[in-house]
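The values are calculated or read from the model by the stated rules, or taken from the named source; none is laboratory data. This is a predicted model, so every value here is computed, not measured. Neighbour counts run over all protein chains shown; Cβ positions are idealised from the backbone, glycine included. Please note that ligands, DNA and RNA were not included when accessible areas were found on the heavy atoms of the full protein model with its side chains. Shrake-Rupley method; radii C 1.70, N 1.55, O 1.52, S 1.80 Å.
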Amino acid sequence: MRSNFLGMAICGGLFSALPAHAADFTPPQGCEVFMTVQMHNCQVANYYRCAADPEGDLWTAFADGEGIYYLSHIDAETRWLESVSTDTGEIEVFDPGASKDAPSFSALLSDGKDDYDFVTRSNYRGLRRYVGSDTLTGKSVSIDEVPLETITFDLREDDQNGQTVATRTGTQYISRKYRVFFSGAERFENDQGDVVSYDDSPVRFDFPGDPGFSTETPEYDCDLMMTQADLRPTQVSLAPLSRSFSKEALQ
């Protein structure tokens, strides 16, 4: 059973108010949920904004059948500001001084492609460099009546010695309205040759007034995930690009 207690002060205690396992997600004081997304593979994400943050900043709390396991914080350009794994206590933050080219949602929309090369620092794993690109496919889809566009992406993760430790490729969805990425069909491989493919695409969107809004309980594929719990391939390690998180990247 995973632990859902952060056990540390983050951003001046912003997350100290986060509940442990609960049916409904309650954001920290001064923050407000505006969208709940049910995803495949027994996951649900609550998107919220906080009054104390700069305009355009966005937090996401991801939960599975055992509660919240991951938090991400991005800005208006979808730059990875920080992420928190509640299982391990790992905190990973963006290092602007060491980054050559931060991600830009605006560039993706205007140019159809965004290349990036940025660095993060973790209290567990030290420096990590992420090099990759997002490319609009020109195709639009609608999931639960929410208009989205598809992208392809590739991402390489290097350690502080410049050695590639993992790669990640696949498709994702973006929302121009909310300026966020959602996971799609993806594949990643680590430096040991372990490969995992998965699809954490959104299934349903809930907004204020909808019955499923602000829930912390996932609804899709949970029985399947329990059945396959003992049949998973060798676990791999790849810190997720929190703009478009996938739970398998933490396993």
Which residues, taken from the range 182-202, are open to solvent by less than 40 Å² (accessible area, probe 1.4 Å) and either β-branched (Val, Ile, Thr) or in a strand (DSSP E or B) (or both)?
PHE182, SER183, GLY184, GLU186, PHE188, ASN190, VAL196, TYR198, PRO202
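Matching residues to (1) β-branched (Val, Ile, Thr); (2) in contact with a helix residue (DSSP H, G or I) (Cβ under 7 Å, 6 or more places away or on another chain); (3) part of a loop (DSSP other than H, G, I, E, B):
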site: SER83; (1), (2), (3): no, yes, no
site: GLY89; (1), (2), (3): no, no, yes
site: GLY97; (1), (2), (3): no, no, no
site: ASP115; (1), (2), (3): no, no, no
site: THR120; (1), (2), (3): yes, no, no
site: TYR124; (1), (2), (3): no, no, yes
So which residues in the range 119-137 are basic (Lys, Arg), in contact (Cβ under 8 Å) with a residue 60 or more places away in the chain and buried (at least 19 other Cβ atoms within 10 Å of the Cβ)?
ARG128
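Taking the range 96-118, which residues are open to solvent by less than 60 Å² (accessible area, probe 1.4 Å) and more than 17 Å from ARG156 (Cβ to Cβ)? Give the steps one after another, and end with the answer.
Filtering the range 96-118 for residues open to solvent by less than 60 Å² (accessible area, probe 1.4 Å) gives 98-99, 102-109, 112, 114, 116-118.
Matches in the range 96-118: SER104, PHE105, SER106, ALA107, LEU108, LEU109, GLY112.
Quick check on this structure: which one of THR120, THR152 is β-branched (Val, Ile, Thr), closer than 26 Å to VAL195 by Cβ and in contact with a Ser or Thr (Cβ under 8 Å, 6 or more places away or on another chain)?
Unique residue meeting the criteria: THR152.
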Find all pairs meeting these conditions: Cβ atoms under 8 angstrom apart; at least six residues apart or on different chains; first residue within the range 28-49 and free of Cβ contacts under 8 Å to residues at least 12 places away in the same chain; second residue open to solvent by less than 20 Å² (accessible area, probe 1.4 Å).
none
